[in-house]
Structure formats: C-alpha cells, structure tokens
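The values are calculated or read from the model by the stated rules, or taken from the named source; none is laboratory data. Predicted model only: the values in this text are computed from it and were never measured. When we count neighbours, we look across all protein chains shown, and the Cβ atoms used for this are built from the backbone with ideal geometry, even at glycine. Heavy atoms of the whole protein, side chains included, go into the accessibility calculation; ligands, DNA and RNA do not. Shrake-Rupley method; radii C 1.70, N 1.55, O 1.52, S 1.80 Å.
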Amino acid sequence: MGDGNLSSRLGNMKALLGILAGAGASYGIYKLVSGGSFKKNKKSVTSEPPVGKNVQPSGVNVALQPGSLLAKVSGLDIVCPGPEVAADDIIHASSGNLEPQHLKMLLSSLQTSNNPSERRQLLLTLGNAAAFTVNQNLIREFEGIHIIAGFLSDPAAEVRVQTLNALNNLCMNIPNQDQVKVYVPHILEVIEMSPVNSDLQLGALRLLTNLSVTDQHQHLLKTSIRLLLSLLVVGNEALQVQSLKVLVNLSSNPDMMDDIVQAQAPASVVLLFDAQTASPVLLRLLTFAGNLKAWRPSTQVADILRQKQDCLFRVMLDESSQLNNRLFQLLSHPDGEIQARVARILT
C-alpha cells in the first residue's frame, strides 16, 4: 500500500509539473484526458481582443478543491496544507483548458458568493474562459448565460463590469446571442445610468457591438439610436469609437434606416466632421455618414422628415445641413484614408 501511495503522489506531481510547463503542456493534458479539442474563437468585427484577458486577478479565499486545475486557472487563493502554486503565470494561457466540471463549479460558486471581490474574480475567470468556442457552448448548455446576466444588477460596479465583459465574449458565439438578446433593455439602462466614459458604458457598448454584428437582433436597438448619437458629443475618444461601431453596424442594414434618420440627434454632431477630430473617430463618422447618404428617401418621406425639428435627417442629410460644407473641407485632410472616404461620399 505504501508503494501505491508513493506512485500516486509521484503521478500527481508529474501532472502538476505538466500544467506549470505552459499552455502547450496544459493543452496536451486536456487532449489526452478529454479527447476533445478547442479553438480560439475568431474576433468579432470590433477587432478587439477578448476582454478581461489582461486583467490581473485579485486573491480571494474560496472553498474549492485544493490543487485542482480550477484553483490554478481562476487565480483564487486556496487554503490547503501543501505549498500554494502561483496562478499568475498560467491563468491567461490555461483559460481555454477548463474542463466542464470546472465551469460548473465556477457558476455554482458565483451563485452562492457573498463577497464582491470573489464575484468579480469568478466572472473574470468565466469571461476569460468564454474567449474559447468550446467554453462558450458549455456555458450556454449549463444555463450559465442567465446566471452571469443576473449580475448586471449587482450593487458593486466592478462586478457589473466583469459581467458585461463575460457576456461580451459569450456573444462572439451566434447561438449565445439568442439568450443574451433578452437583456438588451437592461444593457441600455446600464449605459444611460452609468457615469459618462466609465468602464460600465464601454463594456455595455462593446457587448452591443457584438450583438449588432448581424441584422438578426438589430431591431432591438431601435430605441438606442438617440442615446448613441448623444454619446458622440459628450464622450471621450474611446466612447465615441465604441458608439460609432454600433451605429455603423445598424446603418449597414437598410431595414434600420427609417428608425435611424428619424431619431433625435444633437445638432453638434456635425461639428465632429472636423480635422481636429481624432482619426479613429472621424473614419467611423465618415463610414456612418456614407451609409446614411446611400439611403434615398422618396420626396414624400423627405418632406415628412423635414417637419421633425431635431431628427438626424435634418442634422446630416437635409439640404440645409452643414455636413456637405464640412466634408469639402476634409478633402484637404492630411490622412489619405480620410480624404478617400470623403471623396467616395461626395461622388
């Protein structure tokens, strides 16, 4: 029996060393045990890396199985008699190697946790895991999307941010969007009620960007257009870029155009078509304007829209709009890509 215990301990030591060897060894262990495979989901049109992957986890004591792969990947401190293994070096490389039972344990712990820091860390780990297609599917099958979305109302702002980030990564999976879409009103409320330029607003806008990649759920954002246009004139560059990503997605769908041109818009939106505007913002503004100008209303519809004082049609498309004059001025912009985009709009 002693020899058996010794062999068992040696086997455990080898498994642990295999995990610590890096992402390649972890992947091999996962392939050998589960026979499954995973692949990193391709990026959405936002061209941003999976959110939360570079956030350093904070230590929290959690009653999880000592020495388990879950304990190592999640970054949560485990109280155990043996020496602890630091998770910082492997958390980013190993998130895709979580096994189904580990995801279940994370979701269960999330539902029972009374510690905001612990909930934040659990959501961060789930968000990191959700950057991989295999985990996106598993989390959905475990009813994890609804569990995670329940924390959109968490009293702790940092928990709500990680909730949005996790849902954002889950939304890179089209089937998951069918479950996330029911939370669109709540997500819009987060944007409206949060401080301007906050991580909460940015996280919610990133989520709406992924949700609006296809036209399947864009109709759910009809009421958000006024809000998105307002963020353009009050937000910083990051918020402007993220708002425009959603507006560009929506304006690419002809079926959304009636709602877009009728939306109330700040007159100062036109002032953003200026050489002083940051190039990432201006390029997306020009794409949005190009989509709008490609829309051709009938004379009757145009006359009706002219009666709406502050609608986007009057601000950007009507003959009385200042937009064309500002576009001509941008033909001399030092950025060649901006010049080319302006030229396409004017021709």
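Data table
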quantity	calculated
Given (1) among the hydroxyl-bearing types (Ser, Thr, Tyr); (2) crowded, with 24+ Cβ neighbours inside 10 Å; (3) out of contact with any helix residue (DSSP H, G or I) (no Cβ under 8 Å at 6 or more places or on another chain), number of the condition THR133 does not satisfy	(2)
Lone qualifier among GLN300, GLN339 - being in a helix (DSSP H, G or I), touching a Leu at 6+ places or on another chain (Cβ under 8 Å) and without any contact (Cβ under 8 Å) to a residue 12 or more places away in the chain	GLN339
Where a residue in region 182-206 is within 15 Å of LEU232 (Cα to Cα) and its partner, wherever it lies, is of a type outside the set (D, E, K, R) and surrounded by fewer than 18 Cβ atoms within 10 Å (Cβ to Cβ), with Cβ under 7 Å and at least six apart	ILE191/LEU227; GLU192/LEU227; VAL196/VAL234; ASN197/ASN236; LEU202/ALA238
Any hit, region 263-277, residues being in contact with an Asp or Glu (Cβ under 6 Å, 6 or more places away or on another chain) and surrounded by fewer than 21 Cβ atoms within 10 Å (Cβ to Cβ)	yes
Residue within region 133-143 that is assigned to a helix (DSSP H, G or I), of a type in the set (Asp, Glu), at pLDDT 95 or above and under 22 Å from ILE174 (Cα atoms) present	yes
Residue check for LEU283: within 14 Å of VAL248 (Cβ to Cβ), in a helix (DSSP H, G or I) and at pLDDT 90 or above	yes
Condition check for ARG226: of a type outside the set (Ser, Thr, Tyr) and more than 17 Å from PHE313 (Cα to Cα)	no
Given (1) within 20 Å of ASN249 (Cα to Cα); (2) free of Cβ contacts under 8 Å to residues at least 40 places away in the same chain; (3) surrounded by 23 or more Cβ atoms within 10 Å (Cβ to Cβ), index of the condition ILE139 fails	(1)
Enumeration of residues in region 323-336 that are open to solvent by 40 Å² or more (accessible area, probe 1.4 Å) and either part of a helix (DSSP H, G or I) or at pLDDT below 95 (or both)	ASN324, ASN325, ARG326, PHE328, GLN329, LEU331, SER332, GLY336
Flag if ALA289 is assigned to a helix (DSSP H, G or I), farther than 22 Å from GLN242 by Cα and modelled with pLDDT of 95 or more	no
Test: residue in region 211-222 that is touching a Cys at 6+ places or on another chain (Cβ under 6 Å), in contact (Cβ under 8 Å) with a residue 40 or more places away in the chain and more than 28 Å from GLN300 (Cβ to Cβ)	yes
